[in-house]
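The values are calculated or read from the model by the stated rules, or taken from the named source; none is laboratory data. Quantities reported herein were computed from a predicted structural model and do not represent experimental measurements. Virtual Cβ from ideal backbone geometry, glycine too; neighbours counted across all protein chains shown. Calculation scope for accessible area: heavy atoms of the full protein, side chains included, ligands and nucleic acids excluded. Shrake-Rupley method; radii C 1.70, N 1.55, O 1.52, S 1.80 Å.
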Amino acid sequence: MKRHLALLLLALASTTGLLAQAPAGSAPNTPAGAMPARPAAADAARLRLADSAIEAAIAGKQIPGAVLLVGRGDQILYQKAYGMRALVPQAEPMTLDTVFDLASVTKVVATTTSVMMLVEEGRIRLNDRVATFIPDFGRYGKGDITVRHLLTHVSGLRPDLDLGDDTWRGYEEAIRRACGEVPTAPPGERLVYSDINFFLLAEIVSRVAGMPFDRFVQQRLAAPLGMRDTMFNPPESLRPRIAPTELCTPYGWPCEGPNQVMLRGTVHDPTARRMGGVAGHAGLFSTATDLSRYCRMVLGGGALGGARVLSPLTVLKMTSPATPAAMTSVRALGWDLDSSYSSNRGELFPVGSFGHTGWTGTSLWMDPVTKTYVILLTNRVHPDGKGDATPVRARVATIVASALRQLPDDSVLRAQRWTGTDFGAAGSVPRRADQADGRTLNGIDVLRADGFKLLRGRRVGLVTNHTGRARTGEATIDLLAALKDVTLVALFSPEHGIRGILDEKVDSSKDEKTGLPIHSLYGATNRPTDEMLKGIDTLVVDLQDVGARFYTYMTTMGYVMEEAAKRKIAVVVLDRPNPVNGVSIEGPLADQSELSFVAYHPMPVRHGMTLGELAKLFNAERKIGADLTVVEMKYWDRDSWFDETGLTWVNPSPNMRNMVAASLYTGIGAVEASNVSVGRGTDSPFEQFGAPWIDGPRLAAELNRRNLPGVRFYPISFTPASSRFANELCHGVFVIVTDRDRLRPVRVGAEVASALYRLFPASFDLDRVGRLFGADTVNRIRAGEDPAAIAAAWSRGESAWRLRRSTYLSYR
């Protein structure tokens, strides 16, 4: 905290001198092409490296196009449009004046700024209870939630309203539903990034100011700053300049089903769409040029030209750390400082800089020390929702920071270093003495740091998918393909395919970028064949596992090791963290007769090992005899959860979308084999489950009556867009994780199966649960045994596994 305040105070103190170099109210010059920097401010050649990074992202189909604007004070250093604004129904080139759906960038530009205006006027206090402004909100234990809690995402509210429920409409209905929410944790205890927080903040602004939120933003922010193209619900006249997002149903989510339209000028976020396009969490549209005026205002201490929007001390308060000191993720009021979301900070901008990203592919980052801002706007969800702007954001920010010249004087740089601490770009994790930036190094990072010596002269087959990437964002495929002394012969994909987006059998294909064959190991065969392995002397495995026995990546690795051993082909496993920690072990051991593609080895459901450790265990215990090398991680501790590694989360599979889902997967996922939807085809898979025949309130009451540690349940209805019960209304429960360290997810799964069988014996197919849980657990449930006793019976197998695995552990 002291360090951050020192940085910002020094930055604000030197603002006047910088602004004097150019007329404070003058608009940036915006020619049609790239604009190199003045040599005194930045290295023009280095800035042009951003072109290659963005063009590579376009070529890799991560984004269709982009607009980049880099500024320093009142000077634009670089500005350029890339690629295409639209790909369908007809191609349109990107232009500098393209209007983008900002998505969650709305939270900071519109909502946080508006709240802080009212704070400095004394009309709102940060510690005011939300119920002071919205009286109905105080129900169900939410009375102590404050404005500060909403701004910092520690309110305890869940991430969003049910995105799969498209039965409701209207701004007032969204507020009513938010008032009916039950918190998942006490305020100030957990950081849960929540859209509900911010549309409530917008409602507070509207009530205090006595006008609609969009009118307040227009009158108090956009108009004074000359942000002419910044607004909610842009008019039809702007449509030709608006970047389209995704083909979607008018109110539905996910974007599947009949009556689809291309969203262009209509907000992409489904909750904001149902609210009429005006919301505090999403809905603002803007251009790079308008956002540059906003950034200049913030870095100018709250003023641009003759317009003062905020006071200097308000800017300082808004951008200073505001989350509880014990939290590893550090956020300011609205703004992101140092968390798993801050990949757009890159590798070089210091702590003290701040920014935000948007789901549609938008981002901005500001550094008050160098007075630099980076605006990168993309519509990465166009046209099919499958793009990814995360890697290119990080690369561009790093390039920009490295290009800066004439840095502040030594007193400022000393202020940055005075605590003797630094943090990585993706998360605040305490460093070890030999650790460069606080983040875990995956196996690919360790291999890369060693110059890929292990693979020199090898002809390599790579078993990987989209999770195989370096911490800096480069795909393992691209890193190996670029090596001159390594021959990458073929790629092998596991379940869900090389891009991790399929929930079905996968055909073999060809990689568009490298031209290499992609052999599917989840299609016609689950094992590599002679033909697939022709010309390969080394198989490299780089996959992100999730710590569950029935997650099939470990089986794919096991089969690869078996086939490699038969042919004297070496195997190299690039290790990655167990995201749900490497200490916790839980669940019944799979019997030898139950081994299959979803149970490769007799082990508990939650095994507590990394993929590299499992490879060593399989090789010895199953007597595979492979020529195995595991490239171990650095700086990973067994008791670490994924969000404590500082690494960027990449969905290991289409429905494994966050750490909450991963923490519940070993339990809720085990029930999926039965006739129950576990939320596939919704926005919260593995956090909810249901079926048309379930009575949700009755089931939630029964599960809550069990007082299970670390978890609570509430009734919910949802309509999956795909998978089991697609397009059918399901009733069930939503699972709230209140303490993941106390949570026993496999026990939760057994409790769920037992409750379903007790309450709905004529409808629930208990036998099919045995596919993932095992026959013994099913038989015990059928016999009416208490789930607590069933879980206790697992302890002998758990202890045996803990002893057996100890020989193969690589990390303390």
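A few remarks follow.
- Coil-residue chymotrypsin sites (Phe, Trp or Tyr not before Pro) of the range 97-201, DSSP, other Cβ within 10 Å capped at 14: 140
- Order of exposure, largest accessible area first, which applies to 639, 367, 478 with probe 1.4 Å: 639, 478, 367
- Note, ³J(HN,Hα) from phi for the range 130-142, Karplus 6.51, -1.76, 1.60, rounded to Hz, x at Gly and Pro: 4, 5, 4, 9, 10, x, 5, 5, x, 6, 6, x, 9
- When you restrict to C-alpha pairs under 8 Å that are six or more residues apart and normalise by the size of the chain, the relative contact order lands at 11 percent.
- Computed from phi, the 3J(HN,Hα) profile of the range 58-67 under the Karplus parametrisation 6.51, -1.76, 1.60 (θ = phi - 60°) reads 5, 4, x, 6, 7, 9, x, x, 6, 10 Hz, with x in place of Gly and Pro.
- Sequence of 61, 623 when ordered by accessible area, the most exposed leading, probe 1.4 angstrom: 623, 61
- Descending semi-axes in whole angstrom, ellipsoid equivalent of the range 270-326, from the Cα gyration tensor: 25, 20, 9
- Between residue 534 and residue 637, the contour length at 0.36 nm per residue exceeds the Cα-Cα span by 33.2 nm.
- Nearest-10 value in Å² for the accessible area of residue 742, using the 1.4 Å probe: 140
- Only Lys, Arg, Asp and Glu carry charge here, each on its Cβ (+1 for the first two, -1 for the last two); on that basis the range 678-730 has a dipole of about 200 debye about its Cα centre.
- The orientation-averaged projection of the convex hull spanning the C-alpha atoms of the range 497-605 amounts to 8.1 square nanometres.
- Gained length - residue 597 relative to residue 779, 0.36 nm times residue gap less alpha-carbon distance: 63.3 nm
- Within-15-Å neighbourhood charge of residue 773 [Cβ basis; K, R +1; D, E -1]: -2
- Binned Cα-Cα distances of the range 127-214, short to long, each 5 Å bin given as a whole percent: 3, 15, 27, 28, 17, 8, 2
- Integer Hz, Karplus 6.51/-1.76/1.60 couplings in order for the range 574-581, x for Gly and Pro: 8, 6, 9, x, 7, x, 9, 6
- In plain terms, if you count all Cα to Cα distances in the range 544-636 and split them into 5 Å steps from zero, the share in each step is 3, 15, 24, 26, 19, 10, 3, 0 percent.
- For the pair residue 51 and residue 739, the difference between a 0.36 nm per residue extended length and the Cα-Cα distance amounts to 243.2 nm.
- Folded to 0 to 90 degrees: helix 696-705 orientation relative to the chain principal axis, Cα: 80
- Farthest positive-ward along the chain dipole, Cα basis, beta-carbon charges - from 323, 143, 722: 323
- Using C-alpha pairs below 8 Å separated by at least 6 residues, the relative contact order for the range 241-361 is 12 percent.
- Dipole magnitude for the chain: computed about the Cα centre from +1 point charges on Lys and Arg Cβ and -1 point charges on Asp and Glu Cβ, it is near 1320 debye.
- Semi-axes of the equivalent ellipsoid for the range 669-812, Cα gyration tensor, largest first, Å: 27, 18, 15
- Cα shape, the range 715-766, gyration tensor, a/c 1.5 rule: oblate
- The H on the amide N of residue 492, modeled in the peptide plane, is under 5 Å from the matching H of 462, 463, 464, 519, each at least 5 residues off or on a different chain.
- Once both labels are positioned 7 Å from their Cα atoms along Cα-to-Cβ, the gap between residue 513 and residue 767 label points is 4.7 nm.
- Share of carbon and sulfur in the accessible heavy-atom surface of the chain [1.4 Å probe, %]: 51
- Amide hydrogen neighbours beyond the local backbone of residue 730, cut-off 5 Å, H modeled: 718, 719
- Within the chain, helix-based [θ] at 222 nm, where runs of 4 or more DSSP H residues each add -39,500 (n - 2.57), nearest 500: -8000 deg cm²/dmol
- With the biggest extent put first, the Cα atoms of the range 251-385 measure 50, 40, 26 Å across the principal axes.
- Averaged per residue, the range 176-251 has 40 square angstrom of accessible surface, using a 1.4 angstrom probe with ligands and nucleic acids left out.
- Among the listed pairs 566/616; 386/510; 80/386; 386/634; 484/513, those beyond 28 Å (Cα-Cα): 386/634
- Binned Cα-Cα distance frequencies in the range 595-665 - 10 Å width, integer %: 14, 41, 36, 8
- Residue 42 long-range amide H proximity, modeled H, under 5 Å: 405
- Think of each Lys and Arg Cβ as +1 and each Asp and Glu Cβ as -1; about the Cα centre, that makes the dipole of the range 486-562 roughly 40 debye.
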